[in-house]
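Participant: Dropping the structure in here first, questions after.
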Amino acid sequence: MNRSGLLFRLAVVMVFASTIVVFISAQLFYRLTYLNEVEFANKEISQLYHTVSATASIAAYLNDTELAKEVANGLATNGVVHGVKITTENSVISSTVVSDNEPLVFTLNSPFEKNREVGKLAIIPDLKHIENRAKDIGEANAKALIAQASVVTIVAIFIAYILITRPMINIAANLHDTMPGTPHRLPVPDFHENSELGKLVRDINELLKQTESQISEERVLRKEMEILEKRFRMLFENSASPIVLMEPRGSILLHNDAFTQMLNKVGVRFKTNLGPLLSELLDTPEQLIKSVKSAFENDEIATGEYKLINQTSSGDKKQNSLWTQIVVTSIVSDDLKEYYQLTLHDISRRKKELEQLSLKINYDHLTQLQSRHAVEKMMLEYISSHKSFAYILIDLNGFKQVNDVYGHDAGNEILIYISSQLKKSIRHDDIVCRWGGDEFALMLADTSIQGVKVTLEKILAKINKNYYLSKYDKNIAIGASMGVSFYPRDAKDMQTLIGMADDAMYAVKRKSDSNGAGENEKSGLMFATEPVK
Amino acid sequence: MKRFRFIIGTLIFSVMFNNVMADNAAEVKDIVVVVNKDNPVEAMSRSQIIDLFMGKYVAFPDGQVAVPIDLTGNDSTKRLFYQSLVGMSLARVNSYWSRIRFTGRARPSVKQSTEDDIILYVSETKNAIGYISRSKLTDQVKVVYPFYE
């Protein structure tokens with residue numbers, strides 16, 4: 001049995017209380033009984049006195065010891081009498097026992113004269129006897145009380161158990177087994193529809209009902225949240241672009257698979273901190289940091305294209321270099337903490353395509369020479385930085401015939417050959433390009449007329465040598481006309497320079513055409529403005 | 001005292017009424033206690049008379065031995081005497097004596113059959129004391145306690 005259970009406590013308290021009640025009332029009863037007994041004894045004694053008064057009076061009157069003794073002994077046989085003392089005016093006649101107990105004293109009058117006192121009869125009550133009698137009665141009373149109290153207590157405990165404790169224990173047990181949020185409700189105990197217990201149960205049920213509805217609402221909400229979260233996660237996890245959520249100091253809080261894959265691609269092991277703004281991954285992190293700083297200062301999203309470092313062991317690093325467009329967004333959470341969201345779009349392919357496109361623009365595929373565009377770009381750069389240079393336009397003579405007679409392959413073969421000759425003939429700083437068709441252009445950093453002339457004559461000599469076309473077993477003779485203009489001496493802008501060189505080149509061509517000689521002899525060069533000799 | 005006298009009077013009256021057939025009414029009324037003329041005792045109280053006749057003392061208040069004289073039988077004067085003295089019938093007086101007999105005390109030992117004999121005995125015995133009707137009173141004895149009055 002549960003020692004702190006309601007029933008046990010109730011029983012203990014009731015037993016304790018009834019014990020106290022029994023004890024106190026037994027004491028009280030004993031007191032009362034004792035007093036009653038004393039009174040009763042006094043009555044008894046005074047009755048005894050009346051019985052013996054005549055004889056006692058005579059004894060006292062006659063001072064008769066024998067008679068007095070008889071009276072005293074007779075009285076002493078009585079239980080309530082402890083001792084008897086008969087006294088006359090001058091002497092004590094009889095005294096059986098001496099005692100401290102207060103005696104009951106009766107006046108003895110002369111048997112002949114009712115007003116003449118002849119002595120006193122003192123009867124000492126036997127208090128012990130009275131006490132014993134009171135005790136006996138008290139004991140019996142106490143026993144009866146105990147029996148009565150036991151019965152009342154047991155009945156009270158039983159009734160309390162039936163009426164209060166058992167329903168409460170049942171309620172407690174039911175409540176204990178009740179899970180909040182379930183439709184389970186407590187039954188109202190029998191006969192307690194209108195009692196406090198019934199009210200308690202109803203209140204508990206009301207509480208359970210509210211809890212249930214609240215919990216189910218919360219459950220629906222949680223489910224919605226879960227779905228939403230799942231979708232968000234899906235969005236995040238399945239994003240093709242790597243996404244990273246990080247603290248400003250660099251700790252990575254969240255990252256998706258795409259980010260991991262990207263790390264694998266560049267051979268970097270994942271760490272929780274890859275430096276502020278992933279600086280350890282970037283080729284030029286300071287650039288990003290700078291741009292993020294300025295963007296955030298202007299409340300803008302920072303974006304830019306950055307090349308990632310490559311730590312893979314494979315040799316062709318250029319091939320695998322990753323370019324990403326990084327978008328950095330600053331997020332401030334509800335608790336005023338700042339986070340950075342970094343999205344890294346892989347733009348390597350676009351970058352590669354752009355590179356290829358730029359190659360296509362700047363290079364001639366066939367001859368592996370730079371294209372006209374590259375030379376024009378270079379010229380503009382030189383002009384903008386006021387660096388002097390010589391521009392030479394070269395047009396092949398006799399090439400059209402080769403194309404017509406032996407086909408494009410032969411023409412291409414000759415173009416490639418001449419290109420390589422041109423490349424060999426110039427210095428590192430100089431540029432040679434295919435200007436278009438059978439036209440080439442040179443840009444020489446040497447600006448002395450003599451130096452240019454020597455270089456160009458060397459080139460002319462190489463072009464003028466017959467080319468052996470193995471496929472047709474023929475020696476082909478190719479010549480070239482060259483027009484030269486100087487920056488900044490001849491002109492200050494590119495178009496004029498080109499035009500002057502073009503004019504000079506055509507002047508050479510006209511001169512050679514009018515000569516009517518072989519292709520080789522037609523070759524020659526002319527300065528746009530004759531040099532001052 | 002008035003109350004006491006009334007009670008005594010009532011008793012005497014009832015006794016007189018009881019004996020009206022047998023005795024003279026005047027005799028019944030007056031009883032006197034008498035002693036020898038030479039006895040120095042002149043007057044006694046009722047209690048002293050009771051003490052002598054009921055066996056408490058055997059001497060006069062002055063110390064000389066007293067000899068109380070009783071009447072024999074069931075004499076009306078005797079009856080009246082005890083009735084007047086202690087308010088008891090003769091039967092009760094007898095029972096009193098029988099109750100205390102074993103204690104060694106004795107009722108008056110000298111008995112005379114008539115009042116005249118008492119007068120004679122008292123007049124001849126110096127320390128005798130007796131009772132007679134007032135009507136029988138002579139000069140030979142001295143009254144120490146009269147019941148009338």
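Since every read-out is calculated from the coordinates, none of them should be taken as a lab result. Nothing here was measured: the structure is a model prediction, and the numbers come from that model. Please note: Cβ atoms are built from the backbone with ideal geometry, for glycine as well, and neighbour counts cover all protein chains shown.
Participant: If you wrap a convex hull around the alpha carbons of the range A:363-527, what volume per residue comes out, as a whole number of Å³?
Facilitator: It is 101 Å³ per residue.
Participant: Can you pull the percent of Cα pairs in the range A:296-396 with separation above 20 Å?
Facilitator: 65
Participant: Can I ask one more? So, counting K/R as plus one and D/E as minus one, what does the shell of residues with Cβ under 12 Å around A:Trp435 add up to?
Facilitator: Details: positive: A:Arg372, A:Arg434; negative: A:Asp364, A:Glu376, A:Asp395, A:Asp438, A:Glu439, A:Asp502.
So the environment of A:Trp435 carries a net charge of -4.
Participant: Further, regarding this structure: Between A:Ser448 and A:Ile361, with labels modelled 7 Å along Cα→Cβ, what's the label distance in nm to one decimal, could you check?
Facilitator: Placing both labels 7 Å along Cα→Cβ, they lie 3.8 nm apart.
Participant: Could you work out the relative contact order of the range A:363-527, using alpha carbon pairs under 8 angstrom and six or more residues apart, expressed as a whole percent?
Facilitator: Reported relative contact order: 28 percent.
Participant: While we're looking at this one, here's another question. Any idea how far the Cα center of the range A:66-135 sits from the one of the range A:392-417, in Å?
Facilitator: Going from one Cα centre to the other spans 178 Å.
Participant: Under the definition of Cα pairs under 8 Å and six or more residues apart, what whole-number percent is the relative contact order of the range A:6-135?
Facilitator: Computed value for the range A:6-135: 26 percent relative contact order.
Participant: With a cap of 11 neighbouring Cβ atoms within 10 Å, and only residues DSSP puts in a loop, list the trypsin sites (Lys or Arg not before Pro) found in the range A:330-360.
Facilitator: Answer in residue order: A:Lys337.
Participant: Separate question: Name the shape class, rounded, prolate or oblate, that the alpha-carbon gyration tensor gives for the range A:243-353, where a ≥ b ≥ c are the square roots of its eigenvalues, rounded holds for a/c under 1.5, and otherwise prolate holds if a/b is larger than b/c and oblate otherwise.
Facilitator: Taking the square roots of the gyration eigenvalues as a ≥ b ≥ c, the range A:243-353 is prolate.
Participant: Okay, moving on. Which distance in Å, rounded to a whole number, links the C-alpha centroids of the range A:439-496 and the range A:189-259?
Facilitator: Going from one Cα centre to the other spans 82 Å.
Participant: Taking a ≥ b ≥ c as the square roots of the eigenvalues of the Cα gyration tensor of the range A:200-260, is the shape rounded (a/c under 1.5), prolate (a/b larger than b/c) or oblate?
Facilitator: Since a/c reaches 1.5 and a/b is larger than b/c, the shape of the range A:200-260 is classed as prolate.
Participant: Something else now. Can you bin chain A into rounded, prolate or oblate? Criterion: square roots of the alpha carbon gyration tensor eigenvalues sorted a ≥ b ≥ c, rounded for a/c under 1.5, prolate for a/b above b/c, oblate for the rest.
Facilitator: Prolate is the answer for chain A, as a/c is 1.5 or above and a/b outweighs b/c.
Participant: Separate question: Taking θ = phi - 60°, what integer Hz values does the Karplus form 6.51 cos²θ - 1.76 cosθ + 1.60 yield along the range A:483-488, in sequence order, with x for Gly and Pro?
Facilitator: Result, rounded to whole Hz: x, 10, 9, 10, 9, x.
Participant: Angle check, please: helix A:285-297 long axis (alpha carbons) against the longest principal axis of chain A (alpha carbons), in degrees 0 to 90, nearest 10.
Facilitator: Helix A:285-297 sits roughly 70 degrees off the main axis of chain A.
Participant: Still on this structure: List the pairs from A:Lys377/A:Lys511; A:Lys400/A:Lys423; A:Lys43/A:Lys114; A:Lys271/A:Lys352; A:Lys307/A:Lys337; A:Lys43/A:Lys85 whose alpha-carbon separation is above 26 Å, in the order I gave them.
Facilitator: A:Lys377/A:Lys511; A:Lys271/A:Lys352; A:Lys307/A:Lys337
Participant: Relative to the longest principal axis of chain A, what angle (0 to 90°, nearest 10) does the C-alpha long axis of helix A:127-160 take?
Facilitator: Computed tilt is about 30 degrees.
Participant: Shielding of A:103-116 by partners, i.e. mean partner chain Cβ atoms within 10 Å per residue?
Facilitator: Taking all residues of A:103-116 together, the mean is 3.
Participant: With a cut-off of at most 15 other beta carbons within 10 Å, and DSSP calling the residue loop, which trypsin sites (Lys or Arg not before Pro) in the range A:164-263 qualify? Please list them.
Facilitator: Numbers: sites: A:Arg185, A:Lys199, A:Arg202, A:Lys209, A:Arg219, A:Arg222, A:Lys223, A:Lys230, A:Arg231, A:Arg233, A:Arg249; in loops: A:Arg185, A:Arg249.
Here the sparse-neighbourhood loop sites are A:Arg249.
Participant: Shifting gears a bit: Please tell me the relative contact order of chain A in percent, rounded to the nearest whole number, where contacts are Cα pairs under 8 Å and at least six residues apart. Display every interim value, and only then the final one.
Facilitator: On the way: 785 pairs, mean separation 39.8, N = 533.
Dividing the mean separation by the residue count of chain A yields 7 percent.
Participant: Setting aside same-chain residues fewer than 8 positions from B:Lys142, which lysines have a Cα under 24 Å from its Cα?
Facilitator: Within reach: B:Lys29, B:Lys37, B:Lys56, B:Lys78, B:Lys111, B:Lys126.
Participant: Please give me the summed charge of the neighbours of A:Lys337: other residues whose Cβ is under 15 Å from its Cβ, Lys and Arg +1, Asp and Glu -1.
Facilitator: On the way: positive: A:Arg249; negative: A:Glu247, A:Asp334, A:Asp335, A:Glu338.
Neighbourhood net charge equals -3.
Participant: I'd like the antiparallel share, as a percent to the nearest 5, of DSSP beta bridges with both residues in chain A.
Facilitator: Among the beta bridges of chain A, antiparallel pairing accounts for roughly 90 percent.
Participant: Counting other Cβ atoms within 10 Å, which chymotrypsin sites (Phe, Trp or Tyr not before Pro) in the range A:219-273 have at most 13 and lie in a DSSP loop?
Facilitator: Values: sites: A:Phe232, A:Phe236, A:Phe259, A:Phe270; in loops: A:Phe270.
For chymotrypsin sites (Phe, Trp or Tyr not before Pro) across the range A:219-273 that sit outside H, G, I, E and B with at most 13 neighbouring Cβ atoms in 10 Å, the list reads A:Phe270.
Participant: Which value, in debye to the nearest 20, gives the size of the charge dipole of the range A:1-153 about its Cα centre, when Lys and Arg are +1 and Asp and Glu are -1 at the Cβ? Walk me through the numbers before you get to the answer.
Facilitator: On the way: 13 positive and 15 negative charges, 169 e Å.
It works out to roughly 820 debye.
Participant: Given the range A:173-230 reduced to its alpha-carbon atoms as identical point scatterers, what log10 I(q)/I(0) does the Debye formula return at q = 0.21, 0.25 Å⁻¹?
Facilitator: -0.78, -0.95
Participant: Angle, helix A:196-237 long axis vs. longest principal axis of chain A, Cα atoms, 0 to 90°, nearest 10?
Facilitator: Roughly 10 degrees, rounded to the nearest 10.
Participant: If R0 is 51 Å, what FRET efficiency do you get for B:Ser98 and A:Phe23 from their C-beta distance, rounded to 0.05? Numbers along the way, then the final one.
Facilitator: Values: r = 59 Å, r/R0 = 1.16.
Working from the Cβ atoms, E equals 0.30.
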